[in-house]
Amino acid sequence: MANMLTSLLILLMAWTALPHFLSWAFVHGVWSGDGESCRDAGACWAFLRVKLPFILLGLYPEAERWRPIAVVAIVIALTLWSMPPRNWTRTTLMGWLLAVPFCLVLMTGGIAGLRFVPTGAWGGLPITLLLTILSLALGFPFGVLLAIARRSRFPVYRWVATAFIEVARALPLLTLLFIAALMAPLLLPDGWTIDNLIRALIAFTLSSAAYLAEVIRGGLQAIPRQQEEAARALGLGRTDALFAIMLPQAIRKVLPPLTSTIVVIIKNTSLVLVVGLFDLLSAGRVALSDPLWPTPYAETYLAIALFYFTICYGFARYSLHLERTLKEAGR
């Protein structure tokens with residue numbers, strides 16, 4: 001009864017708000033013009049038409065914007081190619097190993113006639129995608145090692161892994177980013193500097209590895225010990241039994257929490273502003289500071305939320321499909 005009343009109340013509120021939203025977004029919305037035309041009007045979609053390239057690509061030089069666009073296209077194409085299980089081959093792995101350095105070189109430039117562009121000028125969607133991919137690519141194997149070390153029979157490995165995981169999970173990612181931005185330069189020898197993107201990547205990798213390690217450890221603990229004993233009885237060594245028999249089953253068992261962790265990592269890329277990088281959200285905030293426009297917060301955040309929702313929801317749906325496919329294949 002309470003659920004039905006709550007649902008009816010939500011539907012009533014949505015029905016009441018719908019005419020106001022349609023009036024604001026479409027009837028009185030401004031689709032073209034400048035900042036003056038948006039004053040005392042509805043939604044200022046004209047702001048997004050002008051500022052969307054900056055929100056998506058950051059401060060990247062206008063004449064060189066084909067480079068971040070190419071990087072986004074490469075990442076999306078490789079992601080789509082890698083989704084079907086039949087494409088989980090060494091060729092695909094080699095494609096990623098070649099594509100990621102190529103994308104970084106393409107963004108940086110300075111060779112082959114490409115203009116050098118510092119990471120401070122990068123921004124928007126390429127930063128979000130590159131940070132997500134790199135932190136997962138580095139953090140996942142690190143997390144697997146941490147999970148194995150935490151279950152090790154050697155106390156030293158177990159203590160070190162446990163201490164790292166607990167400290168990394170206890171500290172908010174924002175704190176790690178502040179440490180990377182403010183304290184890391186003080187600890188380096190004179191004349192040494194670390195790029196802001198690398199500092200942010202280290203913080204993301206450490207944080208994601210700690211969370212992924214606990215998820216993977218949960219999957220390993222769910223595998224019956226008889227699986228390892230059977231593998232050892234067939235002549236496999238401890239390492240082969242772990243990586244060939246137990247770990248694939250463990251990852252299959254923890255796909256839902258693994259998906260949730262990765263979605264959180266994607267959304268956490270919005271915190272990189274503290275190290276001077278502009279992801280989608282940060283670029284949107286900077287765009288809103290233009291005094292020529294009447295700060296259309298709602299329209300800007302709606303557009304940015306749409307990008308994040310598309311990425312996260314698409315990944316979640318793919319994970320669900322993968323879970324069903326692997327379950328059917330395992331029957």
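Observations on the structure shown:
- With Cα atoms, 0 to 90° folded angle of helix 125-150 axis to the chain main axis: 20
- Checking (1) 1.14; (2) 1.03; (3) 1.26 against Rg/Rh (Cα atoms, Kirkwood Rh) calculated from these atoms, the matching label is (2).
- Positive dipole terminus of the stretch 254-331, leading residue within LEU302, LEU320, ALA283 (C-beta point charges): LEU320
- Of the listed residues TRP96, TRP159, TRP81, the order by accessible area with a 1.4 Å probe, largest first, is TRP159, TRP81, TRP96.
- FRET efficiency for the pair ILE69 and GLU36, taken as 1/(1 + (r/R0)^6) with r the Cβ-Cβ distance and R0 = 35 Å, rounds to 0.70.
- Residues of the stretch 214-331: accessible area per residue with a 1.4 Å probe, Å²: 54
- Each residue of the stretch 198-209 is assigned a 3J(HN,Hα), and the resulting list reads 5, 4, 5, 5, 4, 4, 5, 5, 4, 5, 5, 4 Hz, derived from the Karplus form 6.51 cos²θ - 1.76 cosθ + 1.60 (θ = phi - 60°), x at Gly and Pro.
- Axis of helix 66-82 versus longest Cα principal axis of the chain: the two differ by about 40°, to the nearest ten degrees.
- Close amide H pairs (under 5 Å, H built 1.01 Å from N) link PHE278 with GLY124, residues at least 5 positions away or on another chain.
- Helix-only CD estimate at 222 nm, as mean residue ellipticity for the chain, using -39500 (n - 2.57) per DSSP H run (n ≥ 4): -22500 deg cm²/dmol
- Each Lys and Arg Cβ is given +1 and each Asp and Glu Cβ -1; about its Cα centre, the stretch 250-331 then shows a dipole of about 580 debye.
- Cβ-placed point charges (K, R +1; D, E -1), dipole of the chain about Cα centre in debye, nearest 20: 1320
- Taking the accessible area of the chain, probe 1.4 Å, and keeping the other protein chains in place, the carbon and sulfur fraction comes to 70%.
- Net length gained if the chain between ALA222 and ARG317 were fully extended (0.36 nm per residue, minus Cα distance): 31.8 nm
- Rolling a 1.4 Å probe over the protein heavy atoms gives the stretch 15-141 an accessible area of 56 Å² per residue.
- Rounded to the nearest 10 degrees, the inclination of helix 297-329 to the longest alpha-carbon principal axis of the chain is 30 degrees.
- Computed magnitude of the charge dipole of the stretch 21-163 (debye, nearest 20; Cβ of K, R +1, Cβ of D, E -1): 920
- Positive-end residue, the stretch 164-253 charge dipole about Cα centroid, Cβ charges, pick of ILE216, LEU173, ILE245: ILE245
- Contact order relative to length of the chain, as percent, for alpha carbon pairs under 8 angstrom and 6 or more apart: 21
- Of the trypsin sites (Lys or Arg not before Pro) in the stretch 44-151, the ones in a loop by DSSP (not H, G, I, E or B) with at most 12 other beta carbons within 10 Å are ARG115.
- Rounded if a/c under 1.5, otherwise prolate or oblate - the stretch 259-323, Cα gyration tensor axes: oblate
- Residues whose amide H comes within less than 5 Å of that of VAL30, counting only those at least five positions distant or on another chain, are GLY42, ALA43, CYS44, TRP45, ALA46 (H built at 1.01 Å from N in the peptide plane).
- For the chain, with +1 on Lys and Arg beta carbons and -1 on Asp and Glu, the positive-most of LEU57, LEU187, TRP31 along the dipole: LEU187
- Theoretical FRET efficiency, 1/(1+(r/R0)^6), r = Cβ-Cβ of LEU182 and LEU59, R0 22 Å, to 0.05: 0.50
- Cα-based reach from LYS253 at 20 Å (exclusive), listing lysines while leaving out same-chain residues under 8 positions away: LYS327
The values are calculated or read from the model by the stated rules, or taken from the named source; none is laboratory data. Quick caveat: nothing in here was measured; it's all calculated off a predicted structure. As a convention, Cβ positions derive from the backbone with ideal geometry for all residues, glycine included, and neighbour counts pool all protein chains shown. Calculation scope for accessible area: heavy atoms of the full protein, side chains included, ligands and nucleic acids excluded. Shrake-Rupley method; radii C 1.70, N 1.55, O 1.52, S 1.80 Å.
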